[in-house]
1. Select from region 153-172 the residues that are assigned to a loop (DSSP other than H, G, I, E, B) and of a type in the set (A, V, I, L, M, F, W, C) and write down the one among them that is farthest from the ligand (Cβ to nearest atom).
2. Collect the residues in region 1-34 that are closer than 30 Å to H182 by Cα and either surrounded by fewer than 19 Cβ atoms within 10 Å (Cβ to Cβ) or near the ligand (Cβ under 8 Å from one of its atoms) (or both), keeping them in residue-number order.
3. Which residue pairs have Cβ atoms closer than 6 Å, lie 6 or more positions apart in sequence or on different chains, and pair a first residue in region 195-224 that is within 9 Å of G37 (Cα to Cα) with a second residue that is of a type in the set (K, R) and open to solvent by less than 10 Å² (accessible area, probe 1.4 Å)?
4. Scanning for something surrounded by 19 or more Cβ atoms within 10 Å (Cβ to Cβ), assigned to a loop (DSSP other than H, G, I, E, B) and within 16 Å of the ligand (Cβ to nearest atom), does region 75-89 turn up at least one residue?
5. Could you tell me how many of the residues in region 183-231 are part of a loop (DSSP other than H, G, I, E, B) and more than 16 Å from the chain's Cα centre (by Cα)?
6. Could you tell me whether D60 is without any contact (Cβ under 8 Å) to a residue 12 or more places away in the chain, away from the ligand (no atom under 16 Å from the Cβ), open to solvent by 10 Å² or more (accessible area, probe 1.4 Å) and over 17 Å from the mean Cα position of the chain (by Cα)?
7. For region 61-74, which positions are in a strand (DSSP E or B) and among the aliphatic types (A, V, I, L, M)?
8. Among residues belonging to region 36-52 that are in contact with a helix residue (DSSP H, G or I) (Cβ under 9 Å, 6 or more places away or on another chain) and part of a loop (DSSP other than H, G, I, E, B), point out the one that is nearest to F64 (Cα to Cα).
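The values are calculated or read from the model by the stated rules, or taken from the named source; none is laboratory data. Values in this document were obtained by computation on a predicted structure and should not be read as measured data. Here the Cβ positions follow ideal geometry from the backbone for every residue, glycine too, while neighbour counts run over all protein chains shown. Ligands, DNA and RNA are stripped out before the accessible areas are found, and what is left, the full protein with its side chains, is counted by its heavy atoms. Shrake-Rupley method; radii C 1.70, N 1.55, O 1.52, S 1.80 Å.
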Amino acid sequence: MNQIIEYKNIGKSYQGKWVVRHCNLTINEGDFLCIVGTSGSGKTTLLKMINGLIVPDEGDITIFGTRVIDQDIISLRRKIGYAIQGDGLFPHMTVAENIGYVPRLEGAPKEEVDAIVERMLSLVGLPLDSKEKYPKELSGGQQQRVGIARAYANSPKILLMDEPFGAVDSITRYQLQEDLKHIHKQTDCTIVFITHDMHEAFKLGTHILVMHEGKIQQYGTTEEVKNHPSNDYVKQLVEMTR
Ligand code: ADP
């Protein structure tokens, strides 16, 4: 297994208060890591360190074997897909323009961008005729699918997802989870996915990271966390799914 992301004794503070501290974590290529924990436990802080949106005050984060602070941040971000809740689509761009945004920035010729857009639409189960539509003409679930397609359009090695399915109804959410599992199976992408929902984490994740008050409570395979919770906090979360 090749390691792709490594946190070494990571800490981040705001106004003198540590919001994450002493975090050590190795994520291997192809893992699907779900980060769970209460609001404010440091999940987003950890995630945003991967694409350099947040810089740690303590420790080092290494991606592809090189410290993030030693990398060209623009080129790093283009290798990392990022999808957030509420999709984050550009409202004035069509679906095709949204999905083709990063490949176009990378200088891909029009035919190649068109081919990518079509491949991505099929990957996330959207009809080809949605290409020329604007986000507001789509349902919430379809918009979220476009968000995933855009995040994945450049075939990134890493896909970051911050509660991407938080705002959709439960049926759509179920379908989006199935789509994402399919994408993960079909590709060698490493996914880091934040969720409040333990059912979702157990369904999707190969690995689970449980955060509480800025500290790692448990990090292990989904089976390990499910069958051997390391403390009462984790046990309580696991029991909620039974
Ligand atoms: P989570 O994703 O688990 O909800 P976050 O990582 O977003 O948690 O935040 C962790 C803590 O850091 C929270 O208490 C939050 O209020 C605080 N925090 C995050 N960003 C900032 C900021 N820019 N300034 C001050 N405090 C912040």
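1. A153
2. Result: M1, N2, Q3, E6, N24, L25, T26, N28, E29, G30.
3. That search, which allows pairs on different chains as well, returns nothing.
4. No, region 75-89 has no match at all.
5. Matching residues across region 183-231 total 6.
6. No.
7. I61, I63
8. In this case the residue turns out to be N51.
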